[in-house]
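To keep things clear, I will list the structure first and then write my remarks on it.
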């Protein structure tokens, strides 16, 4: 067996909804994967909510979701391209956390890297947030990249209080 018989590329799934937290995770991934044999699958998941009035719109709804997904991936794709990281983009439809876990498994990803808002780790673990649901569904390691917006002088940071579960 020679080294060409198996793929040594590190495959990362990077979900993005276009939020500042997702963009922060894209920058983190770009910094840490630059110069390595790695590829990234950028994924946007469009949750599809259809009621009886929307059924007649069929293709138009799919096109609207596809356009929203492409817009959500645009900045992350630019960050990865600027860093010279091989990547491709996909848009999925359905329940977000399950779609992310399914895409990671289907693509043979080695890890999922995703952004999360700055919250206490215990809150994140037990919350019903998308990252916490991905943690429960994923079959590969999940790295949560914490995003904390910069505070301005007129908006001071809240006083930290201990989390008490009753």
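Laboratory data are not the source of any read-out in this text; all were calculated from the coordinates shown. What you are looking at is a predicted structure, and each value in this text was computed from that prediction instead of being measured. When we count neighbours, we look across all protein chains shown, and the Cβ atoms used for this are built from the backbone with ideal geometry, even at glycine.
Go through 102-115, 12-25, 60-73 and give me the packing order, highest mean Cβ count within 10 Å leading. Please report the intermediate quantities before stating the final value.
Details: 102-115: 19.3, 12-25: 22.0, 60-73: 15.4.
My ranking of the peptides, most packed first, is 12-25, 102-115, 60-73.
Taking 0.36 nm per residue of sequence separation and subtracting the Cα-Cα distance, how much length would be gained by fully extending the chain between residue 62 and residue 128, in nm to one decimal?
21.1 nm
Would you mind ranking 130, 9 so that the residue whose beta carbon has the fewest other beta carbons within 10 Å leads the list?
Placing the least packed residue first, the sequence is 9, 130.
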